[in-house]
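Below is one structure, written out as structure tokens; the observations come after it.
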Amino acid sequence: MKYIDEYRDPALVKGLLAKIRKAADRIDHPVTIMEICGSHTYAIGRFGIRNMLPDNINLVSGPGCPVCVTSARDVDIALHLSRQDKVIFATFGDMLRVPGSNGDSLQRQRAEGSDVRVVSSSDECIELAQNFPQKEIIMMGIGFETTTPTVAVTVDRCRKKRIENFSVFSVHKVVPPAIEALIADPGLNIDGFLCPGHVSTMIGSNAYSMIPEAGCAAVITGFEPVDILEGIWMILEQIANNKFEVAIQYSRGVKPEGNVRAMDLVQSLFKTDTVEWRGIGPIPESGLVFRDVYAAYDTLKKFSVPDIQSVDVKGCGCGDILRGIKSPDQCALFRKVCTPANPIGPCMVSSEGSCSTYYKYH
Amino acid sequence: MKYDKILLEHGSGGLLSNELVANIFLPHFSNSFLERLEDSAILSIGNHKFCFTTDSYVVSPVFFPGGNIGSLAVHGTVNDLAVCGGKPLYMSAGYILEEGFPFAALTEIVQSMADAARGAGIKIVTGDTKVVSRGAVDGIFINTSGIGIIEYEGDLSIKSIKPGDAVILNGTIGDHGAAIMKARENLGLEADIVSDSAPLNGLIAEILKVSTDIHCMRDATRGGLGAILAEIAKSANVDININEQDIPICENVRGICEILGLDPLFLANEGKMVVFCPPAEASKVITVMKGHEFGRNAAVIGNAGESGQGRVVLKTSIGGERIIDLPTGELVPRIC
Ligand code: SF4
């Protein structure tokens, strides 16, 4: 793992912290930087980066954890699907504990007897489908630009192998419309965005052009501590110089146009639509739904879903937290009622969620 | 909203497991032996001090690189006795077998139990077998109990930990959890990862020979090093400071953790323990460990702090700080 160690070199870190301090000194106001992506939130917590920064720099976590932005309604639908006869409901582990409208979760549903299985890749579903031909394998398709292509490949493979007992309940989302919604939010006060490196290898740097247009700094950043610190420094430089652009810190693999082949595959399966983000509300063109030609793999076409009246949990401030308006400790439920063992909102469930990261690392 | 049924997570060795013990078992069984909540109960019969422990093994898959459910059961029992200062003497073995389980597999498991017991100097002196219909268990589950005699004079207990104590670990973390993950998942990884399942009684006996001032020992099994330290810090009400940089870890384990997004601090071990002792004793302990086959990569990873908030503070490899708490969620279920 020499490759990883390079990006955790304490000497490099020291040098970057000095540069950050210098840049921060040139800025005479508090700076708020939003990390859009949950993987950044996680790494910042895991390496203890937040308290290494100068006092006038505030890091807030944005809507980039796919679990956290999954709406209560989507969880309710997942619960409904998992209860159907002859269904194996496959999901990534983080979804298990996310509460739906009435506090139920897939984890509890499993204890009630539903066949809910944790998979670590969508390809495992092909195996399940082949091993249980008499059952329908429903996979909860969750994630942003980085995970969607792998799910798309799985669906494509199933089609070629003529596997018919598999479908995807897609709650996939795309990142740029959410950023646009954030920028348009008058309540928001963000000076710069740490943009996710791996999403950017897919969609390219062009997708973030609206950020500098709105007068904010944008740096596409990797996930190692050294990457993140360098990204923060580059944001501060843009702010200090009052010159905004989409800069690329994470040059390992980001092209302006992105990964065209992967994006083409995703587009051949899915089209964008308005979907609900937990705590934020509906965002136009931000969700991925199956195109009609792939109806055979669309769970929502194969199963009828009743009209579920979903409600977000009362008092959960996830929405404000996802928009960077509040920090987790400003939520009245934080730590008192809402803990990782008894999560009230999804931000407390996901290992990448702002509230659970904040709980663990503060 | 409280839920009134058992979740898989209750068996994870994390927060929910602790709650289960505190809310259901302790109130009903309450007695001073149980309330210590250490790896074994400490009992006196006549002038002799004994330790007594029990554990059940449900690992999936049953065979994994570095061992199988049988050797694991023996090592687990031996270690729970040894960290309490006991010399393991006798143990039981109860089997719950699923209809259709192959004789060949059972023979191999029993054979390796016998080998492991011989290696650790413990005798399997009583047993039981039940067979249940297909689907009622997954292949084979094993329950063991063990009894050992305590000759060490000091009080090996979480309560004996003093501010300033050195925290010593006898080697790399996460090997068992990572080996199980790798055996279970079809990861297509070449990397060689072998469980660290091993009996620690020989090593512990040597440590207790060179130092009469060991304060506490615990084996870091389910929940990993992170969970055991968090538990110790809470129940001793001391802060524990550890340095990420000093914690030994195999390159391959670290690799699999990077790929799967796991934190090796919370991956299970089956041959690792932490030792708390005064700093002056640390070098003796390290020397003994390094000279023993199950302690070659031993290191001082931190110390018990002065103040008592019951927190584990990890200094990260790049110089930041984070708090290590009891894990929640199912990390990797059925690892032991
Ligand atoms: S602390 Fe819990 S209730 Fe409050 S915002 Fe976070 S997840 Fe929601």
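The values are calculated or read from the model by the stated rules, or taken from the named source; none is laboratory data. Keep in mind it's a predicted model, so treat the numbers as computed, not measured. Reconstructed Cβ throughout: ideal geometry from the backbone, glycine too, with neighbour counts over all protein chains shown.
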Task: Filter result (more than 11 Å from chain B (Cβ to nearest Cβ), more than 6 Å from the ligand (Cβ to nearest atom) and surrounded by 18 or more Cβ atoms within 10 Å (Cβ to Cβ)) within the range A:329-357 - done: A:Pro346, A:Gly353, A:Ser354
- [ ] Within the range A:279-298, work out how many residues are touching a strand residue (DSSP E or B) at 6+ places or on another chain (Cβ under 6 Å), within 30 Å of A:Ile344 (Cβ to Cβ) and buried (at least 22 other Cβ atoms within 10 Å of the Cβ).
- [x] 3
Open item on the list: Can you report the number of residues in the range A:110-131 which are within 11 Å of chain B (Cβ to nearest Cβ) and buried (at least 21 other Cβ atoms within 10 Å of the Cβ)?
Closed with: 1
- [ ] Take the range A:21-70 and flag every residue that is in a strand (DSSP E or B) and more than 18 Å from A:Phe193 (Cβ to Cβ).
- [x] A:Thr70
Task: Residue selected from the range B:30-61 under the condition touching an Asp or Glu at 6+ places or on another chain (Cβ under 8 Å) and among the β-branched types (Val, Ile, Thr), by the criterion farthest from B:Tyr95 (Cα to Cα) - done: B:Thr53
Task: In the range A:203-233, the residues that are within 14 Å of chain B (Cβ to nearest Cβ), touching a Leu at 6+ places or on another chain (Cβ under 8 Å) and surrounded by fewer than 24 Cβ atoms within 10 Å (Cβ to Cβ) - done: A:Val226, A:Glu230
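Anything in the range A:311-328 that is in contact with a helix residue (DSSP H, G or I) (Cβ under 6 Å, 6 or more places away or on another chain) and more than 6 Å from the ligand (Cβ to nearest atom)? List them, or say none.
Residues of the range A:311-328 in contact with a helix residue (DSSP H, G or I) (Cβ under 6 Å, 6 or more places away or on another chain): A:312, A:318, A:321, A:326, A:328.
The answer is A:Asp312, A:Lys326.
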Task: When residues of the range B:33-54 are limited to those that are surrounded by fewer than 18 Cβ atoms within 10 Å (Cβ to Cβ), modelled with pLDDT of 90 or more and not in a loop (DSSP other than H, G, I, E, B), the one farthest from the other protein chains (Cβ to nearest Cβ) - done: B:His48
- [ ] Output the number of the condition that B:Gln245 fails; it satisfies all remaining conditions of (1) out of contact with any strand residue (DSSP E or B) (no Cβ under 9 Å at 6 or more places or on another chain); (2) within 14 Å of another protein chain (Cβ to nearest Cβ).
- [x] (1)
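For the condition outside the structural domain of A:Ala24 (by TED's automatic domain parsing) and farther than 26 Å from A:Val67 by Cβ, what is the one hit in A:Asp273, A:Asp264? Working first, answer last.
Working: A:Asp273 fails: farther than 26 Å from A:Val67 by Cβ.
Unique residue meeting the criteria: A:Asp264.
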Task: Residue in the range A:291-302 that is within 7 Å of the ligand (Cβ to nearest atom) and under 20 Å from A:Ser105 (Cα atoms) present - done: no
